[in-house]
Amino acid sequence: MTKKHTDILRTNKVFRDVSKPLGENWKPVFESLISDLSPEQRRIELGKVEREKPFMQSYKSLMTWKEIRGEAFDIRQLIPALQAFGLKELAQKALNILDSDKDALLNSSDGALGTLPKMSPSASSQVTSGSTASGDGSARNKNTANAEELLDDRHLLQIAKKIGCDWELLARGLNVTNGEIAEILKEEGKTYQGCFKLLWNWRESKGNLSEELETLVAQLEKMNRADAVELLK
(Lines give C-alpha, C1' and ligand atoms only; values in the text may rest on other atoms or scores of the structure.)
Protein backbone atom coordinates (compact mmCIF):
# COMPACT_ATOMS: atom_id res chain seq x y z
CA MET A 1 0.00 0.00 0.00
CA THR A 2 1.42 3.37 -0.98
CA LYS A 3 1.73 6.33 1.38
CA LYS A 4 -0.94 8.15 -0.64
CA HIS A 5 -3.44 5.33 -0.13
CA THR A 6 -2.60 5.15 3.57
CA ASP A 7 -3.19 8.90 3.88
CA ILE A 8 -6.54 8.51 2.13
CA LEU A 9 -7.53 5.79 4.58
CA ARG A 10 -6.54 7.97 7.53
CA THR A 11 -8.48 10.94 6.21
CA ASN A 12 -11.57 8.86 5.47
CA LYS A 13 -11.47 7.26 8.89
CA VAL A 14 -11.05 10.61 10.66
CA PHE A 15 -13.98 12.08 8.73
CA ARG A 16 -16.24 9.17 9.49
CA ASP A 17 -15.25 8.66 13.12
CA VAL A 18 -15.39 12.37 13.92
CA SER A 19 -18.47 13.41 11.95
CA LYS A 20 -21.00 11.38 13.94
CA PRO A 21 -20.11 12.70 17.45
CA LEU A 22 -19.42 16.14 16.00
CA GLY A 23 -23.15 16.53 15.40
CA GLU A 24 -24.47 20.07 15.31
CA ASN A 25 -21.02 21.40 16.22
CA TRP A 26 -20.06 20.94 12.58
CA LYS A 27 -21.09 24.50 11.72
CA PRO A 28 -18.66 26.49 13.90
CA VAL A 29 -15.86 24.03 13.16
CA PHE A 30 -16.53 24.26 9.43
CA GLU A 31 -16.66 28.05 9.51
CA SER A 32 -13.35 28.07 11.35
CA LEU A 33 -11.75 25.79 8.75
CA ILE A 34 -12.82 28.06 5.89
CA SER A 35 -12.42 31.39 7.70
CA ASP A 36 -9.93 32.62 5.11
CA LEU A 37 -12.60 32.64 2.38
CA SER A 38 -14.56 35.78 1.58
CA PRO A 39 -17.91 36.22 3.39
CA GLU A 40 -19.74 35.48 0.13
CA GLN A 41 -17.77 32.30 -0.49
CA ARG A 42 -18.37 31.13 3.07
CA ARG A 43 -22.09 31.76 2.66
CA ILE A 44 -22.18 29.70 -0.53
CA GLU A 45 -20.22 26.80 0.93
CA LEU A 46 -22.28 26.82 4.11
CA GLY A 47 -25.45 26.73 2.04
CA LYS A 48 -24.24 23.63 0.18
CA VAL A 49 -23.81 21.76 3.43
CA GLU A 50 -27.09 22.94 4.93
CA ARG A 51 -28.97 21.57 1.92
CA GLU A 52 -27.94 18.08 2.98
CA LYS A 53 -30.10 15.97 5.28
CA PRO A 54 -29.32 16.84 8.92
CA PHE A 55 -27.62 13.54 9.70
CA MET A 56 -25.28 14.04 6.72
CA GLN A 57 -24.33 17.68 7.32
CA SER A 58 -21.41 17.01 9.64
CA TYR A 59 -19.77 14.55 7.26
CA LYS A 60 -20.54 16.75 4.24
CA SER A 61 -18.93 19.75 5.92
CA LEU A 62 -15.64 17.90 6.30
CA MET A 63 -15.73 16.65 2.72
CA THR A 64 -16.52 20.17 1.48
CA TRP A 65 -13.57 21.56 3.43
CA LYS A 66 -11.33 18.94 1.79
CA GLU A 67 -12.61 19.87 -1.67
CA ILE A 68 -12.07 23.60 -1.06
CA ARG A 69 -8.46 23.07 -0.03
CA GLY A 70 -7.60 20.82 -2.96
CA GLU A 71 -3.87 20.07 -3.14
CA ALA A 72 -3.28 22.28 -0.08
CA PHE A 73 -5.55 20.11 2.09
CA ASP A 74 -4.00 19.17 5.43
CA ILE A 75 -6.12 16.91 7.63
CA ARG A 76 -4.15 17.93 10.73
CA GLN A 77 -5.68 21.42 10.56
CA LEU A 78 -8.84 19.80 11.90
CA ILE A 79 -7.19 19.14 15.29
CA PRO A 80 -6.84 22.79 16.46
CA ALA A 81 -10.25 23.61 14.98
CA LEU A 82 -11.85 20.96 17.19
CA GLN A 83 -9.84 22.05 20.22
CA ALA A 84 -10.86 25.68 19.71
CA PHE A 85 -14.50 24.74 20.35
CA GLY A 86 -13.79 22.57 23.38
CA LEU A 87 -13.99 19.28 21.49
CA LYS A 88 -10.79 17.94 23.01
CA GLU A 89 -11.84 14.28 23.03
CA LEU A 90 -12.70 14.39 19.34
CA ALA A 91 -9.43 16.14 18.60
CA GLN A 92 -7.52 13.42 20.44
CA LYS A 93 -9.49 10.72 18.62
CA ALA A 94 -8.58 12.24 15.27
CA LEU A 95 -4.95 12.57 16.31
CA ASN A 96 -4.82 8.92 17.35
CA ILE A 97 -6.09 7.86 13.93
CA LEU A 98 -3.60 10.07 12.12
CA ASP A 99 -0.74 8.66 14.16
CA SER A 100 -1.79 5.01 13.68
CA ASP A 101 0.09 2.73 11.29
CA LYS A 102 -1.46 1.22 8.16
CA ASP A 103 -1.93 -2.22 9.75
CA ALA A 104 -4.03 -0.68 12.50
CA LEU A 105 -6.13 1.08 9.86
CA LEU A 106 -6.71 -2.07 7.84
CA ASN A 107 -7.43 -4.22 10.88
CA SER A 108 -9.80 -1.74 12.47
CA SER A 109 -12.94 -3.46 13.69
CA ASP A 110 -14.93 -0.83 11.81
CA GLY A 111 -13.24 -1.59 8.50
CA ALA A 112 -10.53 0.23 6.63
CA LEU A 113 -12.67 3.27 6.03
CA GLY A 114 -13.85 3.67 9.58
CA THR A 115 -17.21 4.18 11.22
CA LEU A 116 -19.65 6.34 9.33
CA PRO A 117 -22.24 8.73 10.72
CA LYS A 118 -25.59 7.06 11.30
CA MET A 119 -29.08 8.43 10.98
CA SER A 120 -30.50 10.35 13.91
CA PRO A 121 -33.07 8.60 16.17
CA SER A 122 -35.86 10.52 14.46
CA ALA A 123 -34.68 9.42 11.03
CA SER A 124 -34.35 5.85 12.26
CA SER A 125 -37.90 5.90 13.62
CA GLN A 126 -39.13 7.07 10.24
CA VAL A 127 -37.43 4.12 8.61
CA THR A 128 -39.12 1.72 11.02
CA SER A 129 -42.56 3.32 10.63
CA GLY A 130 -42.21 3.31 6.86
CA SER A 131 -41.36 -0.38 6.60
CA THR A 132 -43.54 -2.43 4.25
CA ALA A 133 -42.10 -5.85 5.06
CA SER A 134 -44.76 -8.54 5.36
CA GLY A 135 -45.68 -10.33 8.58
CA ASP A 136 -46.13 -9.15 12.14
CA GLY A 137 -44.05 -6.61 14.01
CA SER A 138 -41.45 -9.13 15.15
CA ALA A 139 -41.00 -10.43 11.59
CA ARG A 140 -40.55 -6.89 10.28
CA ASN A 141 -38.02 -6.14 12.97
CA LYS A 142 -36.14 -9.34 12.13
CA ASN A 143 -36.08 -8.52 8.42
CA THR A 144 -34.91 -4.98 9.15
CA ALA A 145 -32.23 -6.19 11.55
CA ASN A 146 -30.98 -8.69 8.97
CA ALA A 147 -30.82 -6.00 6.27
CA GLU A 148 -29.04 -3.61 8.62
CA GLU A 149 -26.43 -6.27 9.36
CA LEU A 150 -25.89 -7.15 5.69
CA LEU A 151 -25.70 -3.50 4.71
CA ASP A 152 -23.44 -2.43 7.55
CA ASP A 153 -20.12 -0.70 6.91
CA ARG A 154 -18.12 -3.93 7.04
CA HIS A 155 -20.22 -5.63 4.35
CA LEU A 156 -20.29 -2.52 2.16
CA LEU A 157 -16.50 -2.33 2.34
CA GLN A 158 -16.18 -5.98 1.33
CA ILE A 159 -18.52 -5.44 -1.61
CA ALA A 160 -16.64 -2.28 -2.60
CA LYS A 161 -13.38 -4.21 -2.73
CA LYS A 162 -15.03 -6.80 -5.00
CA ILE A 163 -16.51 -4.23 -7.38
CA GLY A 164 -13.52 -1.88 -7.36
CA CYS A 165 -13.25 0.37 -10.40
CA ASP A 166 -16.54 -0.92 -11.87
CA TRP A 167 -18.61 0.99 -9.33
CA GLU A 168 -19.87 3.55 -11.85
CA LEU A 169 -21.90 0.84 -13.60
CA LEU A 170 -23.36 -0.17 -10.25
CA ALA A 171 -24.17 3.46 -9.48
CA ARG A 172 -26.20 3.88 -12.65
CA GLY A 173 -28.06 0.66 -11.92
CA LEU A 174 -28.96 2.05 -8.49
CA ASN A 175 -30.26 5.28 -10.12
CA VAL A 176 -27.58 7.46 -8.55
CA THR A 177 -27.57 10.89 -10.19
CA ASN A 178 -24.87 12.01 -12.60
CA GLY A 179 -23.97 14.79 -10.20
CA GLU A 180 -23.35 12.39 -7.33
CA ILE A 181 -21.29 10.10 -9.59
CA ALA A 182 -19.20 13.03 -10.78
CA GLU A 183 -18.58 14.15 -7.20
CA ILE A 184 -17.38 10.70 -6.13
CA LEU A 185 -15.18 10.40 -9.21
CA LYS A 186 -13.60 13.74 -8.37
CA GLU A 187 -13.00 12.84 -4.73
CA GLU A 188 -12.08 9.16 -4.89
CA GLY A 189 -11.66 8.21 -8.56
CA LYS A 190 -12.38 4.72 -9.86
CA THR A 191 -11.22 2.99 -6.70
CA TYR A 192 -12.80 0.73 -4.14
CA GLN A 193 -12.92 3.76 -1.84
CA GLY A 194 -15.15 5.41 -4.42
CA CYS A 195 -17.35 2.34 -4.52
CA PHE A 196 -17.60 2.34 -0.74
CA LYS A 197 -18.63 5.99 -0.69
CA LEU A 198 -21.22 5.30 -3.37
CA LEU A 199 -22.72 2.41 -1.42
CA TRP A 200 -22.67 4.29 1.87
CA ASN A 201 -24.35 7.39 0.43
CA TRP A 202 -26.92 5.21 -1.33
CA ARG A 203 -27.71 3.28 1.85
CA GLU A 204 -28.07 6.40 3.97
CA SER A 205 -30.42 8.02 1.47
CA LYS A 206 -32.87 5.13 1.63
CA GLY A 207 -35.62 4.36 4.08
CA ASN A 208 -36.52 0.69 3.82
CA LEU A 209 -33.29 -1.29 4.08
CA SER A 210 -35.04 -4.61 3.50
CA GLU A 211 -36.24 -3.44 0.09
CA GLU A 212 -32.92 -1.81 -0.71
CA LEU A 213 -31.07 -5.02 0.09
CA GLU A 214 -33.17 -6.74 -2.57
CA THR A 215 -32.46 -3.90 -5.00
CA LEU A 216 -28.70 -4.14 -4.47
CA VAL A 217 -28.68 -7.92 -4.84
CA ALA A 218 -30.72 -7.69 -8.05
CA GLN A 219 -28.35 -5.11 -9.53
CA LEU A 220 -25.26 -7.11 -8.64
CA GLU A 221 -26.84 -10.16 -10.25
CA LYS A 222 -27.43 -8.14 -13.43
CA MET A 223 -23.72 -7.34 -13.40
CA ASN A 224 -22.96 -11.06 -13.00
CA ARG A 225 -21.18 -10.37 -9.73
CA ALA A 226 -21.97 -13.55 -7.86
CA ASP A 227 -18.88 -12.94 -5.71
CA ALA A 228 -20.44 -9.76 -4.33
CA VAL A 229 -23.94 -11.24 -4.05
CA GLU A 230 -22.50 -14.01 -1.88
CA LEU A 231 -21.55 -11.41 0.71
CA LEU A 232 -25.19 -10.40 1.09
CA LYS A 233 -26.51 -13.84 1.99
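Sort Lys190, Lys88, Lys66 from largest to smallest accessible area, using a 1.4 Å probe on the heavy atoms of the protein chains.
Largest to smallest exposure gives the sequence Lys88, Lys190, Lys66.
Quick check on my link table: of Lys161/Lys186; Lys27/Lys190; Lys13/Lys93; Lys20/Lys48; Lys88/Lys197, which ones sit more than 22 Å apart, alpha carbon to alpha carbon?
In this structure, Lys27/Lys190; Lys88/Lys197 exceed 22 Å between Cα atoms.
Between Ser38 and Glu183, take the C-beta separation as r, use R0 = 22 Å, and let me know the FRET efficiency to the nearest 0.05.
With R0 = 22 Å, the Cβ-Cβ based efficiency is 0.40.
In a shell of Cβ-Cβ distance under 13 Å around Lys206, excluding Lys206 itself, what net charge do Lys and Arg (+1) and Asp and Glu (-1) give?
After counting each charged neighbour, the total is -3.
The values are calculated or read from the model by the stated rules, or taken from the named source; none is laboratory data. Because the structure is a prediction, the values reported are computed rather than measured. Heads up, the Cβs are rebuilt from the backbone with ideal geometry, glycines too, and the neighbour counts pull from every protein chain shown. Please note that ligands, DNA and RNA were not included when accessible areas were found on the heavy atoms of the full protein model with its side chains. Shrake-Rupley method; radii C 1.70, N 1.55, O 1.52, S 1.80 Å.
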